Every structure is written in C-alpha cells, then in structure tokens.
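Nothing in this text is a laboratory measurement; each read-out follows from the coordinates by a stated rule. Quantities reported herein were computed from a predicted structural model and do not represent experimental measurements. Neighbour counts are summed over all protein chains in view; Cβ atoms, including those assigned to glycine, are modelled from backbone coordinates with ideal geometry.
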Amino acid sequence: MAFDLILRNGRLADGDAARATVDIAVADGRIAAIEPRISGDGESVDARGRFVSPGLVESHFHLDKSRILDRVAPLPDRRATDHMMRTSAVKHT
C-alpha cells in the first residue's frame, strides 16, 4: 500500500508505558494505520524511539486584547471572576 508518510519506531504518548514502538502511516493528511510494523511505500522517517503526538493547538486568548471584556462582563457570583480580578490586580516586577 502507498502512504504519504510512515513514521517508524515511534512511541505513542497514550499512557501505555509497556507498549513497544510502533509505525504510524499517514495517507491524505490522516493517520491511516498504527501497527508494530507497517509494510508499504512512502517517505519513511525513523523516530528512533521518541514519543509521537499529534500537533498541539495553543488556543488561549486575552479578553482585554480582543476588546471583548467590556462587552462580556464576568458574572459577579463566580469564583473565576474573583481569581481573575486578583490576578489582574497583581503588579509585575
């Protein structure tokens, strides 16, 4: 079978410490197979036992920078509001 990419000898960061290394095949931008040894054609990269994980998305934002804080005021009965106000009152040194 033809793949776009095969990552060989990678360790999945899935909480199973006993798992041996695996090969991960990618086709059309999606993971097509995860097996101990994948036979197939395509670009091959040896992970050399390193952990392999999907891309991470940094999704936090700043309400004050997005100019939304004045339009969506925090509810006064929430603990998060109290923590946010304390955090924003701290002066940085």
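Around Gly10, with a cut-off of 15 angstrom between Cβ atoms, what is the net charge of the other residues, counting Lys and Arg +1 and Asp and Glu -1? Could the numbers behind the result be given before it?
Details: positive: Arg8, Arg11, Arg19, Arg37, Arg48, Arg50; negative: Asp14, Asp16, Asp23, Glu35, Glu43, Asp46.
Counting the neighbours of Gly10, the net charge comes to 0.
Which whole-number percentage describes the relative contact order of the range 2-52, with Cα contacts under 8 Å and a sequence gap of 6 or more?
On the way: 108 pairs, mean separation 25.0, N = 51.
Taking the mean separation of contacting Cα pairs over the length of the range 2-52, I get 49 percent.
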